[in-house]
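The values are calculated or read from the model by the stated rules, or taken from the named source; none is laboratory data. Every value quoted in this text rests on a predicted model; they were computed, and no experiment measured them. No Cβ is skipped: glycine too gets one built from the backbone with ideal geometry, and neighbour counts run over all protein chains shown.
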Amino acid sequence: MAEEASFRAMDRYVDFEHARFDYRAAQSDPDVDSGVLNEFSGTLLAQGWNVDADESDLAILEREADAIEPAIQFYDACQGRNGFQKLPPGVLLNSCAASALQNAYAAGAGVAALAALITAETGVGGVLAGAIAGVLAAESGILGICGSWNRGIRLFPGGICWSQ
């Protein structure tokens with residue numbers, strides 16, 4: 001799958017500590033699909049990350065960010081927490097991040113945008129985020145069921161989810 005290879009390659013250019021993504025370096029990587037890169041980068045921009053890119057590329061990415069931003073705006077009263085757990089490997093999304101993910105999907109976001117949201121909110125790499133995003137895209141109703149108690153959710157690569 002081109003998306004998985006792209007996520008694996010893009011992980012090299014993500015600086016979680018500083019919420020920064022090196023678009024220029026990822027753009028020159030032959031393993032990174034340009035469509036996946038633009039959707040992923042635009043969503044990171046919408047999440048407030050710094051994306052290192054040329055001005056002409058930033059204009060394109062800002063349009064991507066503007067398109068997804070209304071669907072992923074966060075609120076102040078979030079329940080649960082964001083992060084990840086090692087065993088079993090999975091991500092934790094608070095109620096606001098889970099709602100943003102569900103809204104982004106409903107607004108037509110692709111797997112790369114969903115993966116970028118998961119990465120931005122939890123600090124997991126693109127491979128795990130992409131695997132979870134792919135399952136979410138295939139089983140779209142799962143997110144609403146897991147988050148129905150408004151406590152946040154736990155998502156696992158195989159498509160299993162639990163309320164926090």
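Would a scan of region 71-83 turn up a residue that is hydrophobic (A, V, I, L, M, F, W, C) and at pLDDT 90 or above?
So in region 71-83, the residues hydrophobic (A, V, I, L, M, F, W, C) come out as 71-72, 74, 77-78.
Those left that are additionally at pLDDT 90 or above: none.
The answer is no, given that none of the residues of region 71-83 is hydrophobic (A, V, I, L, M, F, W, C) and at pLDDT 90 or above.
Can you find, within region 90-123, the residue that is farthest from GLU17 (Cα to Cα) among those that are β-branched (Val, Ile, Thr) and free of Cβ contacts under 8 Å to residues at least 60 places away in the same chain?
If we take residues in region 90-123 being β-branched (Val, Ile, Thr) and free of Cβ contacts under 8 Å to residues at least 60 places away in the same chain, then ILE118 is farthest from GLU17 (Cα to Cα).
Report yes if some residue within region 12-31 is among the aliphatic types (A, V, I, L, M), within 21 Å of ILE72 (Cβ to Cβ) and over 15 Å from the mean Cα position of the chain (by Cα); otherwise report no.
no
Could you check GLY42 against (1) more than 18 Å from LEU136 (Cβ to Cβ); (2) without any contact (Cβ under 8 Å) to a residue 24 or more places away in the chain; (3) surrounded by 14 or more Cβ atoms within 10 Å (Cβ to Cβ) and say which number it fails?
Every listed condition holds for GLY42 apart from (2).
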